[in-house]
Amino acid sequence: MSSNQRELASSFVPGDIEGPLYKKWIDSGYFTADANSSKEPFTIVIPPPNVTGNLHIGHALDQTLQDCLTRLKRMQGFEALWLPGMDHAGIATQNVVEKQLAAKGLSRHDLGREDFVKKVWEWKAESGGQILGQMKRLGDSVDWSREAFTMDENLSKAVLTIFKKLFDQGLIYRAERIINWCPRCLTALSDIEVEHQDDEGEFVQVRYGDGEASIVVATTRAETMMGDGAVAVHPDDPRYKHMIGTEVLLPLVNRMIPIIADELVDPDFGTGAVKVTAAHDPNDFEMAMRHNVPFVVIMNEHGVMDGTGTEFDGMDRFEARVAVVAKLKEMGRIVAEKRPYIHAVGHCSRCDTTVEPRLSKQWFVKVAPLAKAAGDAVRDGRVKIEPAELAPRYFEWVDNMHDWCISRQLWWGHRIPVWYGPNDEVIVVGPGESAPAGYTQDPDVLDTWFSSALWPFSTLGWPNQTADVKKFYPTSVLVTGYDILFFWVARMMLFGLFAMDGVPPFHTIVLHGLVRDQFGKKMSKSRGNVVDPLEFIDKYGADALRFTLARGSNPGKDQALAEDWIAGSRNFATKLWNATRFAMMNGATTEGPLPAQSSLSAIDAWILSRLSETTTEYTALLESYEFARACETIYHFAWDDLCDWYLELSKETFASGNAADSQRVLGHVLDTLFRLLHPVMPFITETLWTTLTGKETLVTAVWPEADTAHIDKKSETLIGELQKIITEVRRFRNDQGVKPSQKIPGRIIAPAEVTAYSSAMAFLLKLELTDFTPSASVEIGAMKVELDLSGTVDVVAERARLEKDLATAQKDLKTAEVKLGNEGFMAKAPASVVVEIKERLAATTADIERITAQLAALK
RNA sequence: GGACGAUUGGCUCAGCGGUAGAGCACCACAUUGACAUUGUGGGGGUCACUGGUUCGAUCCCAGUAUCGUCCA
């Protein structure tokens with residue numbers, strides 16, 4: 001089919017092309033990777049969204065960048081695999097199903113464990129995974145044949161395998177510790193599932209004991225005092241030194257407790273004396289371990305006071321706080337109060353309930369050796385973090401990581417493969433094994449992040465030595481927001497290195513920022529500034545959304561997003577569409593060889609030169625994850641160089657009917673441009689390219705190589721001059737109030753290489769190249785355009801324009817003169833800079849002479 | 001308290017040792033045969049502050065202020 005038989009609709013309607021194109025891509029299997037291919041692999045595993053989730057703008061950014069890289073590498077000839085899937089999201093999913101049950105007045109306990117889990121699977125089948133369909137709207141080139149879920153049979157096998165391996169090496173243990181407890185979800189949480197917020201609390205000072213044997217402690221948690229086992233002071237605190245080792249009376253429960261000394265106490269905080277509540281505070285727990293302070297539990301799992309033997313039993317913790325303080329006040333034991341007192345309080349990241357530190361028996365991963373390896377892999381350069389500024393954050397965390405609490409008191413998740421025997425035997429049951437009769441399994445499940453940490457290889461079939469594992473592990477690049485560097489990335493490093501014999505799960509970690517609203521504020525439901533990517537896709541097309549997000553993505557930096565900017569990207573898409581229509585109407589073609597470089601017009605040579613430079617620069621930027629700069633580069637090439645200048649300068653040629661060279665050049669430029677843009681804007685480029693070339697698909701087309709033979713500085717200079725004089729004449733016309741459409745007599749006086757393009761210039765400037773007596777002129781360097789304004793030159797406007805130019809030139813002259821008059825500059829500045837300034841001085845001097853003369857002539 | 005980052009036109013952000021850039025917004029003109037989802041032209045910034053290094057600093061260094069994020 002030749003190009004003139006194919007046509008584009010007169011306007012670009014994204015909704016008309018996106019669905020059918022995505023279907024074509026899937027049906028053709030373009031995204032399905034081949035583990036047996038001889039091509040070099042390029043692998044990305046998607047950060048698995050929650051099965052409960054919907055596509056939010058952050059996913060849209062994350063996935064746009066991953067798709068850009070995957071599509072780029074696919075075109076560059078790699079065996080590209082972008083592996084999709086979802087996370088079972090333990091607490092989140094369980095919450096959703098429990099909420100549904102609650103609506104019917106049921107709890108999970110009414111169903112029992114087995115039926116409840118069945119219910120969750122049913123929920124997943126019916127309404128889970130909505131995000132997968134939404135990803136298709138975005139155009140994600142993921143390999144659906146490899147879609148994974150953390151609860152899949154094989155991924156569960158991976159979990160069992162790694163658990164057993166860790167346990168056997170003594171890296172998983174069970175212990176009674178203070179853990180973060182959510183009294184609403186009724187489960188333990190890891191440190192990172194706790195979000196610290198500044199809350200309003202109170203800070204009270206309470207006198208323990210009486211007379212000489214009394215000490216005032218400061219606390220924000222008066223209700224826990226009934227669980228105190230000691231009062232602690234700093235060993236060197238002169239106020240209390242004499243009291244260390246003595247005992248004071250704990251009010252309300254009338255128990256004698258010792259005063260101990262511990263370095264952990266900050267003498268400058270409050271009164272310098274703190275209560276030690278071993279069973280209800282992590283710091284106190286540590287001190288208690290050092291000083292043999294008893295653990296007194298005074299609260300149950302719901303956060304309700306229990307076992308104090310006082311009137312407070314049965315009260316909720318916050319209710320009890322008020323009541324305890326009131327009672328102490330009545331007893332005259334409150335020395336000082338500060339209210340409100342703003343301090344950081346931990347909240348459950350899933351339900352926002354205030355977390356309660358709780359003494360509890362849980363399973364832990366001993367992270368020290370794993371974290372050391374994870375830190376070293378980055379330190380010794382085997383894994384790169386982009387941008388590098390974010391590496392310190394990674395180290396800070398990995399090097400100071402606490403043991404990881406992995407047991408959750410939930411039903412939805414991987415059940416801990418530990419079985420207990422009748423005589424307290426503990427065994428771990430690996431894949432394919434079974435527990436001896438009479439053993440019972442631990443009721444808890446594993447932290448969701450435990451299975452997510454295996455994602456880069458469990459999804460490829462590990463622990464089986466599959467073809468996929470061999471071909472695609474280690475993965476290449478991990479693209480994600482810096483906000484889950486700790487949650488997920490660091491854990492993949494921990495487990496990946498451990499499971500895969502020290503081979504890190506990826507060689508580069510690419511961190512992007514968060515999408516914020518148009519004023520740079522965080523998006524949140526309470527602010528009401530959350531946007532829906534699907535609405536934007538409906539309204540402006542997936543390409544526009546993708547281009548906007550990629551264009552805003554500077555490495556590791558948050559980006560602001562406004563609807564106007566998406567509209568701007570849609571306009572860009574429209575521009576490409578219309579330019580292609582124009583090109584095809586004018587016979588642009590991709591068939592046959594390019595014309596010889598020597599026979600090209602300066603205009604054609606110039607656009608090929610710019611294309612070559614743009615290709616090099618843009619490719620390098622994409623390969624170094626500089627998405628914003630890459631998009632900026634290609635945008636300016638397409639809109640400014642190609643549409644505003646090349647097409648405009650070429651219109652005359654195309655109209656002449658003698659434009660074979662330009663038709664071929666333009667076809668080549670568009671062909672290349674669409675290839676380059678395809679990773680960012682897959683839909684429109686596929687449509688335009690297949691229409692232009694008549695070929696089947698751009699998805700698997702070859703990535704353009706910059707042809708350095710096309711670099712032509714001479715043409716670039718010439719066209720630069722042309723642009724300058726054209727802009728200057730346009731400015732003159734504007735200043736003179738000449739309507740854009742009004743033709744005026746004109747004449748171009750310039751070196752031959754410029755006048756060769758007189759007719760193109762005349763076309764752009766609406767000049768009639770006829771005989772006339774000039775009444776005005778515009779000059780730039782050696783170029784001059786004379787015009788006839790029929791004696792109606794607006795002298796005032798013209799003087800104003802020239803005087804402004806003169807002022808600018810004089811200012812420039814002065815800076816150049818000052819520099820050249822500076823001995824230090826002349827002696828020490830590089831020769832090239834000196835030459836540059838000298839040239840500038842000469843040019844400015846000439847400008848001033850010219851303008852002065854023109855001004856004189858205007859009198 | 002620790003770590004990191006930011007401070008550049010009205011807004012959101014690039015840039016970077018040698019005459020300050022983009023997008024959007026703004027002003028004027030224009031409905032010219034690709035495109036009004038447009039075109040052309042224009043206005044607008046002492047690059048947070050104070051010192052230092054340098055022939056030269058928005059850029060490098062130090063300090064100050066303000067803001068942000070993460071961790072404790």
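The values are calculated or read from the model by the stated rules, or taken from the named source; none is laboratory data. Since the structure is predicted, the reported quantities are computational estimates derived from the model, not experimental observations. Cβ: placed from backbone, ideal geometry, glycine included. Neighbour counts: every protein chain shown. Heavy atoms of the whole protein, side chains included, go into the accessibility calculation; ligands, DNA and RNA do not. Shrake-Rupley method; radii C 1.70, N 1.55, O 1.52, S 1.80 Å.
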(message) Counting heavy atoms of the protein chains only and a 1.4 Å probe, report the per residue accessible area for the range A:187-357 as a whole number of Å².
(response) 45
(message) Check which residues have an amide H placed less than 5 Å from A:ARG516's amide H, if you skip close sequence neighbours.
(response) A:GLN559, A:ALA560, A:LEU561
(message) Quick check of the Kirkwood formula: for the range A:719-827, what is the inverse mean of 1/r over all pairs of different Cα atoms, in Å?
(response) 15.4
(message) Could you tell me the center-to-center distance, by alpha carbons, between the range A:120-184 and the range A:454-480 in angstrom?
(response) 15
(message) Going Cα to Cα from A:LYS275, which lysines come in below 20 Å? Please leave out same-chain ones fewer than 8 positions away.
(response) A:LYS241, A:LYS327, A:LYS329, A:LYS338
(request) Among A:ALA435, A:GLY90, A:SER599, pick out the residue whose Cα is farthest towards the positive end of the charge dipole of chain A, where Lys and Arg carry +1 and Asp and Glu carry -1 on C-beta, about the Cα centre. (result) A:SER599
(message) Between helix A:542-551 and chain A, what is the angle of the helix's C-alpha long axis to the longest principal axis, kept within 0 to 90° and rounded to the nearest 10?
(response) 80
(request) In whole Hz, with x marking every Gly and Pro, tabulate ³J(HN,Hα) for the range A:75-87 from phi via Karplus 6.51 cos²θ - 1.76 cosθ + 1.60, θ = phi - 60°. (result) 5, 7, x, 8, 7, 8, 10, 10, 9, x, x, 9, 9
(request) In whole angstrom, note down how far apart the Cα centers of the range A:330-393 and the range A:713-756 are. (result) 65
(message) Can you tell me the orientation of helix A:627-636 relative to chain A, as the angle in degrees between its alpha-carbon axis and the longest Cα principal axis, to the nearest 10?
(response) 20
(message) I'd like the orientation of helix A:113-127 relative to chain A: the angle between its Cα long axis and the longest Cα principal axis, in ° from 0 to 90, rounded to 10.
(response) 10
(request) Just tell me which lysines come within less than 18 Å, Cα to Cα, of A:LYS384; anything on the same chain fewer than 8 places away is out. (result) A:LYS372, A:LYS557
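Can you give the charge dipole size of chain A about its Cα centre, rounded to the nearest 20 debye, using +1 on the beta carbon of Lys and Arg and -1 on the beta carbon of Asp and Glu? Kindly include the intermediate steps, with their values, before the conclusion.
Numbers: 91 positive and 118 negative charges, 209 e Å.
Result for chain A is approximately 1000 debye, rounded to the nearest 20.
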(request) May I ask you to list the residues of the range A:664-681 whose amide nitrogen lies under 16 Å from a point 7 Å from Cα along the Cα→beta-carbon direction of A:GLU591? (result) A:664-668
(request) Go through the range A:44-59 residue by residue and turn each phi into a ³J(HN,Hα) via Karplus (6.51, -1.76, 1.60, θ = phi - 60°); whole Hz please, and just put x for glycine and proline. (result) 10, 9, 6, x, x, x, 5, 4, 7, x, 10, 5, 9, 5, x, 4
(request) Express the carbon and sulfur contribution to the solvent-accessible surface of the range A:717-857 as a percent, rounded to the nearest whole number, probe 1.4 angstrom. (result) 56
(request) Would you please report the Å³ per residue occupied by the convex hull of the alpha carbon atoms in chain A? (result) 248
(request) Would you mind pulling out the separation of the Cα centroids of the range A:605-667 and the range A:778-831, in Å? (result) 31
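Give, rounded to the nearest 20 debye, the magnitude of the charge dipole that the range A:717-857 has about its Cα centre when Lys and Arg contribute +1 at Cβ and Asp and Glu contribute -1 at Cβ. Write down the numbers at each step before the final one.
On the way: 19 positive and 20 negative charges, 73 e Å.
So the dipole magnitude of the range A:717-857 works out to roughly 360 debye.
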(request) Could you provide, to the nearest whole Å², the per residue accessible area of the range A:558-698 with probe 1.4 Å? (result) 32
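For the range A:478-622, which whole-number percentage of the solvent-accessible area (1.4 Å probe, protein heavy atoms only) is attributable to carbon and sulfur atoms?
On the way: 2780 of 5350 Å².
Using a 1.4 Å probe with all protein chains present, the range A:478-622 comes out at 52 percent carbon and sulfur.
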(request) Would you kindly calculate the translational diffusion coefficient of the range A:187-357, applying Stokes-Einstein with the Kirkwood radius from alpha carbon pairs, for 10 °C and a viscosity of 1.306 mPa s, and quote it in µm² s⁻¹ without decimals? (result) 97
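Over the range A:717-857, with the other protein chains present, what is the accessible area per residue in square angstrom, probe 1.4 angstrom? Before the final figure, lay out each step's value.
Values: 7780 Å² over 141 residues.
Per residue, the range A:717-857 has 55 Å² of solvent-accessible surface.
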(request) Give me the percent of the accessible area of the range A:187-357 that comes from carbon and sulfur atoms, probe 1.4 Å, all protein chains in place. (result) 50
(message) Testing the spin-label approximation: label points 7 Å from Cα along Cα→Cβ at A:GLU7 and A:TRP121. State their distance in nm.
(response) 5.6
(request) Quick one: P(r) of the range A:170-214 from all Cα-Cα pairs, 5 Å bins, percents rounded to integers, in order of increasing distance. (result) 5, 12, 13, 15, 13, 12, 11, 10, 7, 2, 0
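Would you mind checking A:LYS470/A:LYS695; A:LYS522/A:LYS575; A:LYS470/A:LYS522; A:LYS164/A:LYS471; A:LYS471/A:LYS575; A:LYS23/A:LYS124 for any pair whose Cα atoms are more than 30 angstrom apart?
Working: A:LYS470/A:LYS695 34 Å; A:LYS522/A:LYS575 32 Å; A:LYS470/A:LYS522 42 Å; A:LYS164/A:LYS471 26 Å; A:LYS471/A:LYS575 41 Å; A:LYS23/A:LYS124 24 Å.
Violating the 30 Å limit, Cα to Cα: A:LYS470/A:LYS695; A:LYS522/A:LYS575; A:LYS470/A:LYS522; A:LYS471/A:LYS575.
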(message) Given Cα positions, please report Rg to Rh for the range A:442-502, the hydrodynamic radius being the Kirkwood one.
(response) 1.00
(request) Quick one: what are the phi-derived ³J(HN,Hα) couplings along the range A:16-33, Karplus 6.51/-1.76/1.60 with θ = phi - 60°, whole Hz, x for glycine and proline? (result) 6, 9, 5, x, x, 5, 4, 4, 4, 4, 5, 4, 7, x, 4, 8, 7, 7
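Roughly what % antiparallel, to the nearest 5, for the DSSP beta bridges in chain A? Working shown, then result.
On the way: 63 of 87 bridges.
Expressed as a percentage, antiparallel bridges in chain A total about 70.
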(request) Would you pull out the residues with amide H under 5 Å of A:VAL383's amide H, same chain only if 5 or more places away, H placed 1.01 Å from N? (result) A:VAL378
(message) Cross-link candidates for A:LYS743: which aspartates and glutamates have Cα within less than 15 Å, leaving aside residues fewer than 8 places away along the same chain?
(response) A:GLU768, A:ASP771, A:GLU786, A:ASP788
